[in-house]
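Here is the structure we will look at, set down as structure tokens.
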Amino acid sequence: MNSADSALVLFSGGQDSTTCLAWALTHYARVETIGFDYGQRHAIELAVRPFLLEKIRTLSPEWNSKLGEDHMIDLSLIAKISDTALTSNVEIAMLENGLPNTFVPGRNLLFMTVAATVAYRRGLNVLVGGMCETDFSGYPDCRDDTMKALQTALNLGMATTLKIETPLMWIDKAATWKMAQDLGGTPLLDLIRTGTHTCYLGERGELHDWGYGCGNCPACKLRARGYADFIAE
């Protein structure tokens, strides 16, 4: 049975998607999660997902009662048809088109299309993603215009009334840390800091004040700078 008060969260195991999961658990009565194995170089994020989901349940009895099934989808075809620094062991660099080679063309478009298909089957009416065009690497598939156009296309193509929610779209990383604190206090903040994974290189050898990571890739730099700004506020 369809429910307008239900959501499917694109949950990678990173800072942004974990914050979005907490946001969804605060706003919707029924929440499920979906993750994608697309041959990512930082596949460690897939390993931390079950731990994070288990810990999220312990932070709030209400969240525990709302959090439902997790769906893991094999999208390894992305690695087969793309040539990027997120799917190949190559140095991170800027391309001639002005985008970093960490951009995986079509990734979020495919993620949302698959998520919409699962949501259709599960009777979930909202898709929640951590896309953001404030603190980001310039990826065109993270932009608000892209998400709005995709929402229209999905609903036209599936005869649905799905809504795409992007709670981080207009805030920076410092505000993302603050949102996590507001949603779940210090326990959620600590879980995101020590449990989530963002580093493009999959480095989890050293725990910094902002979390695990190499400290040098674009994702680590964004996360570290955002944490420093958050702490300074």
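The values are calculated or read from the model by the stated rules, or taken from the named source; none is laboratory data. Source: prediction; values computed, not measured. Glycine also receives a Cβ, built like all others from the backbone with ideal geometry; neighbour counts cover every protein chain displayed. Ligands, DNA and RNA are excluded from the accessible area calculation, which covers all protein heavy atoms including side chains. Shrake-Rupley method; radii C 1.70, N 1.55, O 1.52, S 1.80 Å.
Assorted remarks:
- On the stretch given as the stretch 182-209, residues that are out of contact with any His (no Cβ under 7 Å at 6 or more places or on another chain), surrounded by 17 or more Cβ atoms within 10 Å (Cβ to Cβ) and in contact (Cβ under 8 Å) with a residue 40 or more places away in the chain total 8.
- Among the residues making up the stretch 185-200, those that are in contact with a Gly (Cβ under 8 Å, 6 or more places away or on another chain) and more than 21 Å from T26 (Cβ to Cβ) are T194, H197, T198, C199.
- Applying a threshold of 6 Å to beta carbon distances and a minimum spacing of six or more residues, or different chains, the list of pairs starting in the stretch 121-139 at a residue that is within 16 Å of E165 (Cβ to Cβ) and modelled with pLDDT of 95 or more and ending at one that is open to solvent by 30 Å² or more (accessible area, probe 1.4 Å) and among the small types (G, A, S) reads N125/A4.
- Pick from the stretch 121-161, criterion open to solvent by less than 20 Å² (accessible area, probe 1.4 Å) and in a strand (DSSP E or B), ranking: farthest from W23 (Cα to Cα): L124
- Residue match in the stretch 162-170 (condition: open to solvent by 20 Å² or more (accessible area, probe 1.4 Å), part of a loop (DSSP other than H, G, I, E, B) and either over 30 Å from N125 (Cα atoms) or polar (S, T, N, Q) (or both)): yes
- Unmet requirement for Y212, which otherwise passes all of (1) among the hydroxyl-bearing types (S, T, Y); (2) without any contact (Cβ under 8 Å) to a residue 40 or more places away in the chain; (3) open to solvent by less than 10 Å² (accessible area, probe 1.4 Å): (3)
- Residue count for the stretch 34-72 under the criterion of being among the β-branched types (V, I, T) and surrounded by fewer than 16 Cβ atoms within 10 Å (Cβ to Cβ): the result is 1.
- Here T19 qualifies as of a type in the set (S, T, Y), part of a helix (DSSP H, G or I), modelled with pLDDT of 95 or more and open to solvent by less than 80 Å² (accessible area, probe 1.4 Å).
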